[in-house]
1. So is Gly282 under 22 Å from Arg336 (Cα atoms), out of contact with any helix residue (DSSP H, G or I) (no Cβ under 7 Å at 6 or more places or on another chain) and not polar (S, T, N, Q) or not?
2. Which of (1) assigned to a loop (DSSP other than H, G, I, E, B); (2) of a type outside the set (Gly, Ala, Ser); (3) touching a strand residue (DSSP E or B) at 6+ places or on another chain (Cβ under 7 Å) is the odd one out, the single condition Tyr315 does not satisfy?
3. Give Gly68, Gly44 a once-over and let me know the one that is under 23 Å from Leu211 (Cβ atoms), modelled with pLDDT under 95 and out of contact with any Gly (no Cβ under 7 Å at 6 or more places or on another chain).
4. Quick one: in region 412-428, which of the residues that are part of a loop (DSSP other than H, G, I, E, B) and touching a strand residue (DSSP E or B) at 6+ places or on another chain (Cβ under 9 Å) is surrounded by the fewest Cβ atoms within 10 Å (Cβ to Cβ)?
5. Starting from residues that are of a type outside the set (Asp, Glu), in a loop (DSSP other than H, G, I, E, B) and out of contact with any helix residue (DSSP H, G or I) (no Cβ under 7 Å at 6 or more places or on another chain), keep the ones in region 61-106 and report whichever is farthest from Ala216 (Cα to Cα).
6. In the list Leu233, Leu215, which residue meets the criterion of being without any contact (Cβ under 8 Å) to a residue 40 or more places away in the chain, more than 18 Å from Gly516 (Cβ to Cβ) and in a helix (DSSP H, G or I)?
7. Could you list all residues from region 378-409 that are of a type in the set (A, V, I, L, M), under 17 Å from Arg336 (Cα atoms) and not in a helix (DSSP H, G or I)?
8. Consider Ala216 against the criteria (1) at positive phi; (2) of a type outside the set (Phe, Trp, Tyr); (3) touching a Cys at 6+ places or on another chain (Cβ under 6 Å): it satisfies all of them except one. Which criterion is unmet?
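The values are calculated or read from the model by the stated rules, or taken from the named source; none is laboratory data. Model, not experiment: these values are computed from the prediction. Here the Cβ is made from the backbone with ideal geometry for all residues, glycine too, and neighbour counts use every protein chain on show.
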Amino acid sequence: MPHPLFEKHRALLGEAQAAIARRTHWSPYAENPRAYGETALDDGAMAFEAYRDAQFYLDQPGVQGRGGEEFSPYGLPLNVSYPRCSPDALIGAARAAMLPWVRAGIEARSGVCLEILARLNAGSAEMAHALMHTTGQSLGFAFLTGGPQAQSRGLEALAWAHREMTLIPEQAEWQRSEHQRLEKRFMVAPLGVALIIGSATQPTWNAYPALFASLATGNPVIVKPHPTAILPLAIAVAVARQVLKEAGFDANLVTLLVGDPDGPVARDVALKPDIRLIDYAGAPDFGNWLRDAARQARLFVETGGVNCVLVDSTYDYKALLKNLVLSLCLDSGQLRATPRAIFVSREGVQTPDGLIEAGQFGRDLAFALGKFVEEPARAVEVLGAIQSPATLARIDAASELGEASAEVLRFSMPLVHPKWPEARVRTPLLLLASADQRDIYMEERFGPIATVVITATSAESLALAETTMREKGALNFLVHSTHPHVRQLAEDVALRVGVALSFDLTGAALVNQPSGFADFHASGANPAASCGMIDAAFVANRFYFSQIQQHYLPPSSIDWVVDL
């Protein structure tokens, strides 16, 4: 019997499944805040204020106290406390909730997940403020990427999951001969409890695909937020638990794990035998540790790398500079897809107005950055605020390295936010290095830090970009060239390294803003990530097909058995 929630959202799921096949632009959730009401953002601010200086309620097992020490990058103390639960209690509750969830079937699980997404979408404005004051994103960016676009990623994962789960019939009749006839039943079976280790800078955008891929395929989910960005995922968990409860399922299919600030809770939980799936997006050190240590689980790890840009020639030099400036400034470089190393040869950059010398290109890019940040009211809407003090320290260390060993094209400077004077806002740091200074550019320095690398030729630029991305990992490769042979060689590099390749981006089409239902994010073919996000393998590796068969005995055979 069809599940009512599946019937309610069947049309949307059908559109999503068509979209993952078309790979064209499709936005299932409105991306304009006004679509949620003229006062949506103001209402969201009021909802956010209600969380501050209060206890966040979650009826979860194994409560051992309360925790939470979030402080807004905009200078606002949150003072929200969350229940701190025993990991073993959450794992036990998840395992107890799993079997009825599995037996409910594909449509029931998919319907509940679609309803959770609908509820999350309705609360997009509230989520935007929670994201802004935990991640440092500007309000507009937080609404867009942490709300509708993150929800789209969750729906995309769900569409893939439903497609993969329904490729096999629930029942089949197998017959080799008159006396060899079997009835077979197949059921999607989960691997076990899933653990999501949240990101500090993109908590919902990174977590939603994992949440819905695991939940739809029958796996209960424990969400472990980053200790500085708990509120967005706490809200998402609360919504999921409410929908599960209303649908007649155990709410402990989705739980929130808030750790003790003095203990390495993520490392401890990740190694527990009952944790069979782990999703993580964040720093490479912890991602590498997971790969080495958490051998009982299937890992879906994204750590980023050194995304490269090759500037060889262009049809529009000013548009190239503007696009690079926006890419470097977007969310203060706190995106794993942000460009880090920009290669340009001493032969210069060919433009319609003549040849631009390599050093001049660096100075032009620094000047364009300076022009953009001259208007703080405009700049902060792109930059946002620095999420972590560790990123400020990283900027200072890179500045010192640049002064000592290379050249600083533009120093990172504090910028006063017009509305939040205590906000941690910094302009991008731009360094200049030579091809042999690999210690400067062959390292991901997370934050608003980039390096212009001067090489001998574009061929050397391609070779160094390939080496950098192969060794350090990368999510994307941006190439500006009007020469067919350079473009072909760049395609060859991208195929060998396993990165998404973009040519000649200008305007607002930024290399570090992948589009849901159109772009594959990461490939799993280099150290930046262990898998592609989102594709069939991202969901299919979370379940297996359980098989039950019985011998079909016709009436005459049954009589013969009874006679014996």
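1. yes
2. Going through the list (1) assigned to a loop (DSSP other than H, G, I, E, B); (2) of a type outside the set (Gly, Ala, Ser); (3) touching a strand residue (DSSP E or B) at 6+ places or on another chain (Cβ under 7 Å), Tyr315 breaks only (3).
3. When all the criteria are applied, what remains is Gly68.
4. Met413
5. First, the residues of region 61-106 that are of a type outside the set (Asp, Glu): 61-68, 71-87, 89-106.
Filter again for in a loop (DSSP other than H, G, I, E, B), leaving 61-62, 68, 72-76, 78-79, 86, 104-105.
Keeping just the survivors that are out of contact with any helix residue (DSSP H, G or I) (no Cβ under 7 Å at 6 or more places or on another chain) gives 68, 73, 75, 79, 86, 104-105.
Details: Gly68: 29, Pro73: 34, Gly75: 38, Asn79: 34, Ser86: 25, Ala104: 11, Gly105: 10 Å.
Residue satisfying both the conditions and the ranking: Gly75.
6. Leu233
7. Ala385, Ile386
8. (1)
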